[in-house]
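Heads up: the structure comes next, in structure tokens.
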Amino acid sequence: RKRRRGAIDSFLVVRGVQVCRCAHLNGPYRMLAGQRRRAKQNSPQKKHEVKSLLRLFTSLFALFLAAQCFIAHQSNHVVIHVSQAEIEHEGDTDENLIHKELSSQKIELERPLLVPVPRPTPDPFPPLESLVDLRGDDNNSVKPGADLRFLLDFAIVGFAKTGSTTLSRYLRALGVSMLSEECCYLVVDKTAKLTRYLYQELSHDMSESRMPRGLKCPQDLSSDLSLPNYERYFPNTKLIVGIRSPLSFFQSFYNFHAVNTPWKELLPTEKLAKRCIPGSLGICGWRASFVDFLYKLGKTDGTIKEKKLLELNLNRVQVGDVFIYELGQLSDTNETRARQFRQDLASFLGLEGEMPPIPHVNTLGRFDYIDAWKEEAHARKIDICDDEHIYARRILQDKTERTSKWVREYLLGSNEVFVSSREYFTSILEGWMDDPCLNR
């Protein structure tokens with residue numbers, strides 16, 4: 001480009017990230033410029049010829065520099081021509097141009113590492129409106145043909161008072177993409193609402209190394225609607241199921257409400273031993289029918305002999321793999337078994353690496369910090385072995401023994417059911433066969 005008439009400034013050639021700057025054409029230009037000044041004294045035709053020759057020389061030199069850039073690019077070097085030519089001028093005429101030609105040096109540098117500019121990556125999830133109607137909550141608002149399987153990798157589905165809160169908080173603390181609160185929308189057929197919640201709250205990472213996405217709802221196994229929704233919308237979701245003795249479950253669940261809802265009156269246990277009735281607060285023998293709810297998972301053959309251990313006539317579904325554990329395994333003092341349990345759980349969820357010990361989360365007594373309420377609330381707790389609860393205890397112990405036998409003889413035979421330390425797990429369930437109140 002021209003800075004002043006007749007003076008040629010630095011010429012830039014750009015190829016990708018390569019920039020080559022040529023030196024001032026001082027020597028050759030001075031020669032041609034002198035011819036041009038002399039040509040002014042001659043004919044206009046001579047002047048035009050010299051001017052054309054000057055332009056031709058400049059173009060050829062630019063092509064030469066471009067070739068140098070290309071060679072430098074191919075050899076993984078950046079070539080920089082640094083010109084120290086200085087042009088001074090007085091007035092606007094060619095005759096007054098004074099050229100001071102200084103040395104020119106060439107520097108070769110190793111090509112620096114290039115850091116890409118961060119760019120917003122496209123969302124790997126399909127648009128939410130392609131999955132559900134944004135204004136509806138129930139199953140009818142799920143778009144026909146929508147594939148929701150990618151949203152949910154696992155779910156902690158049961159049962160209450162079996163360490164589900166401890167396990168969910170533990171996994172979340174490890175970085176697992178899990179809903180922070182209990183989420184039971186499938187219990188009430190609100191699959192569309194659950195879809196929006198999962199879509200908005202959990203990670204959209206779809207890489208192979210991503211953390212699994214999950215939720216917790218201890219009511220899913222006993223609900224009439226949840227498992228059919230898993231079968232329909234989330235058939236590959238892995239299910240984590242915690243169990244304990246139905247007898248101890250009933251006592252723990254009763255005492256949980258006794259200390260956490262002290263303003264509500266609890267019914268006597270003989271009225272709660274079977275079906276859930278108004279005023280029961282969900283405490284009833286029906287919820288302790290673990291064998292019937294586990295049967296719904298469809299992991300056994302469903303033979304006539306097997307069905308003799310069941311009480312309820314519940315429909316079966318086909319769902320994903322199941323990891324089952326007994327409450328005592330979460331607090332196992334045997335470090336070898338405890339480490340194996342964590343490794344087996346990690347393997348089931350597709351996690352790698354050593355998992356730290358599982359801390360206990362106490363969900364009992366949220367008013368314990370108020371002394372007056374604490375004393376009154378804890379006075380409402382029961383001991384299921386007391387004589388006043390003998391009717392409920394007999395019913396619950398029967399459920400306990402049938403659950404123990406069915407799990408050991410039928411459920412553990414499925415190749416879609418996983419358990420850690422099978423012998424230890426089996427020994428715990430064998431202990432259920434003995435009434436814990438007989439030796440007291």
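Would you grab the residues whose amide H sits under 5 Å from the one on VAL132? Only those 5+ places off in sequence or on another chain, please, with H modelled 1.01 Å from N.
It is LYS143, by chain and number.
Determine the distance separating the Cα centre of segment 298-334 from the Cα centre of segment 224-287; give it in Å without decimals.
Each part's Cα centre sits 16 Å from the other's.
For ARG213, list long-range residues whose amide hydrogen, built 1.01 Å from N in the peptide plane, is under 5 Å from its own amide hydrogen.
ASP153, PHE154
Trypsin sites (Lys or Arg not before Pro) within segment 201-262: which are DSSP loop residues with at most 15 other Cβ atoms inside 10 Å?
Filter output for segment 201-262: ARG210.
Using DSSP to define loop residues, name the chymotrypsin sites (Phe, Trp or Tyr not before Pro) in segment 239-336 whose beta-carbon has at most 15 other beta-carbon atoms within 10 Å.
Filter output for segment 239-336: TRP263.
Once the piece of chain linking SER52 and ARG210 is laid out straight, how much longer is it, given 0.36 nm per residue of separation minus the C-alpha distance between them? Could the numbers behind the result be given before it?
Details: separation 158, 0.36 × 158 = 56.88 nm, distance 6.62 nm.
Full extension from SER52 to ARG210 adds 50.3 nm.
Go through LEU167, LEU174 and list them by solvent-accessible area, largest first, probe radius 1.4 Å. Intermediate results must be reported in sequence, preceding the final value.
Details: LEU167 0, LEU174 60 Å².
From most exposed to least exposed: LEU174, LEU167.
Out of residues 5 or more away from PHE418 or on other chains, whose amide H comes under 5 Å of its own, with H placed 1.01 Å from N in the peptide plane?
VAL322, PHE323, ILE324
Determine ³J(HN,Hα), in whole Hz, for all residues of segment 331-342 in sequence, where each value follows from phi through the Karplus function 6.51 cos²θ - 1.76 cosθ + 1.60 and θ = phi - 60°; x replaces Gly and Pro.
10, 4, 7, 7, 5, 5, 5, 4, 5, 5, 4, 5
Do you know the relative contact order of segment 280-327, to the nearest whole percent, from alpha carbon pairs under 8 angstrom that are 6+ apart?
Over segment 280-327, the number comes to 41 percent.
The values are calculated or read from the model by the stated rules, or taken from the named source; none is laboratory data. All values derive from a computational prediction rather than experimental measurement. Cβ: placed from backbone, ideal geometry, glycine included. Neighbour counts: every protein chain shown. The area values use the complete protein model at the heavy-atom level, side chains included, leaving out ligands, DNA and RNA. Shrake-Rupley method; radii C 1.70, N 1.55, O 1.52, S 1.80 Å.
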